[in-house]
Amino acid sequence: MRKILKKILSYVLSVIMLMSVFSALAFAAENDKNDVPVIFVDGIASSDIINTETGESAFPPSANTILSGLSGAIAPLVSSLIGKDYSSLAEPINEAVIKIFEPASCDENGSPVYPTVSDYVKPTSQEIAEKYTESLGYTATDAIWFSYDWRLDMVTLASQLHDFIEYVLNETGAEKVNIMGFSMGSCVVMSYLHEYDYQYVENVVILAGGYNGVSTCGEPFSNKIALSSEAMIRFINTMLGKDFGGYMLQAVIDSFYQAGVIDGVIEIAEDIVSAVMDDLYDNAFKETFAKMPGFWSLIPYEMYDDAKALLIGDNVSQSYIDMIDYYHYEIQGNNEQIIKEAISRGINFGIISKYGSTVPPCIESLDNIGDSVIDCKYSSLGATCAKAYTTLGDDYVQAVDDGHNHLSADGMIDASTCAFPEYTWFIKGLLHNEHYDCEMALCDFIFNSETQPTVWDSENYSQFLIYNNGELEPLTEDNDYYKYENVTAPEESLFSKIIHVIQIIIAAILSLFGLS
């Protein structure tokens, strides 16, 4: 009988132990979930700006506003093109730009002239609740979206983000949030960290961030404008879809390039820019973009003084100057210190930079590699990057010898010069506004790591990654589907040759009838 009781007791104890183990495993599995809400701070112009009195879009400008603005410039432009005299174009172009952007204009203090508001709608309690799933918790893919009126001062936007975070915490019962700052949203996030002392922040990812400035804002604001037909073709071809329609359009454009048409257009554009830009800076730029403090957040630190000298005068108040100075000298100029302070407080901080394209081809740095909007060197906080269609060279030696290899397999990037090389990831083949679940999974990896993750912590998320058919893979010489070759112009494809022949035939027919 005693033996039977012992067996029964041992079975009971075994069941209790198994239940304890399963309970512990269940608890551990539950804790693998991310129970910290994820907030996605979007980029510039992610929401329309609406005039609250008329209900019309102030930005982007409505079709009526654009047509009205251009109506007075069309006749002078046609006349100038025919006569090849562009000196008279400055006044009508100034009037057109001011008229088109006037509904979104700001006054000398950086405040909107008209009663306007972003059409962003704060998510409801139910919408926030739906972001949470029992199996995963909160993820970057289903982040809670925050948008804003991008014209405003970054500190003002940081205050709005602070209020939004408190709202999310109140709705979810959480104590902190994970934050993704995308594009201009990174400027808002860095301002928030600086102004609000990290109090509600669990972890941060800066994604294709403009927090260190963007050459395509800084250089036009600093009178560093340049045009190139080669760079224009390269940029357009990068942006076209990789489908039959995209290839056909690329063939058409390349054929025009081979025929010299694009060179002729660029030459005319350069003459127009030379004739009108001084007047545009003195009038249209000063009355529109220069009065929008949000735009100044995207000026790189080293270009800021030149841009101010060109565009700031008696068109704005001293309080406005103090406002944009504060952002540049106290926040943008201290990006590294803000990030270091976050990491010292146990906040996981990840920087994700994209490349595989160039920046828009309208500036002197038109050969900078980037994600079609932001230069890789800026979004990565200091990477050394090759120019488009080149590499750093076979003899290039990593600039900072820290015991790790920070050179990309394609020879285009040296990440050792980044402010935080161990915490900076690069994705090749994704354009600026392209977001996929695989990219969000990298963000989740950073958010969910128990301690500050590095580029060496996961085989799946090495420092250099490449986007391929919905997945991120470690970049190697063998899987580099976006190779840059040492060429200076697009090669003429078979499609281009066919279309080029068609163009010649059409030109010959027109000539035959005296129409060309």
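None of the figures in this text is laboratory data; all of them are computed from the coordinates on show. No experiment lies behind these values; they were computed from the predicted model shown. As a convention, Cβ positions derive from the backbone with ideal geometry for all residues, glycine included, and neighbour counts pool all protein chains shown.
In table form, for the structure just shown:
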read-out	value
One residue from Lys377, Lys387 being in contact with a Cys (Cβ under 6 Å, 6 or more places away or on another chain), under 30 Å from Glu270 (Cα atoms) and of a type in the set (D, E, K, R)	Lys377
First in region 452-463 and among the β-branched types (Val, Ile, Thr), second anywhere and surrounded by fewer than 19 Cβ atoms within 10 Å (Cβ to Cβ), Cβ under 7 Å, 6 or more apart	Thr454/Glu422; Val455/Glu422; Val455/Ser462
Top-ranked residue of region 191-236 - restricted to ones that are under 15 Å from the mean Cα position of the chain (by Cα) and of a type in the set (A, V, I, L, M, F, W, C), ranked as surrounded by the fewest Cβ atoms within 10 Å (Cβ to Cβ)	Cys217
Residues (among the acidic types (Asp, Glu) and within 14 Å of Thr238 (Cα to Cα)) located in region 346-386	Asp367, Asp371
Which numbered condition Ile100 misses (of (1) hydrophobic (A, V, I, L, M, F, W, C); (2) more than 30 Å from the chain's Cα centre (by Cα); (3) surrounded by 18 or more Cβ atoms within 10 Å (Cβ to Cβ))	(2)
Scan of region 422-451 for residues that are among the hydrophobic types (A, V, I, L, M, F, W, C) and either surrounded by 21 or more Cβ atoms within 10 Å (Cβ to Cβ) or in contact (Cβ under 8 Å) with a residue 24 or more places away in the chain (or both), ordered by number	Trp425, Phe426, Ile427, Leu430, Leu431, Cys438, Met440, Ala441, Leu442, Cys443, Ile446, Phe447
Residue in region 42-87 that is farthest from Gly294 (Cα to Cα), counting only those that are of a type in the set (A, V, I, L, M, F, W, C) and in contact (Cβ under 8 Å) with a residue 40 or more places away in the chain	Leu81
Only one of Asp325, Asp367, Asp314 that is acidic (Asp, Glu) and closer than 18 Å to Tyr211 by Cα	Asp325
Single unsatisfied condition, Leu249 versus (1) free of Cβ contacts under 8 Å to residues at least 12 places away in the same chain; (2) closer than 25 Å to Leu157 by Cα	(2)
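Let's see how each residue does on (1) surrounded by 15 or more Cβ atoms within 10 Å (Cβ to Cβ); (2) closer than 25 Å to Tyr114 by Cα; (3) not small (Gly, Ala, Ser):
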residue	(1), (2), (3)
Gly294	yes, yes, no
Ala307	yes, no, no
Gly313	no, yes, no
Val316	yes, yes, yes
Asp322	no, yes, yes
Ile331	yes, no, yes
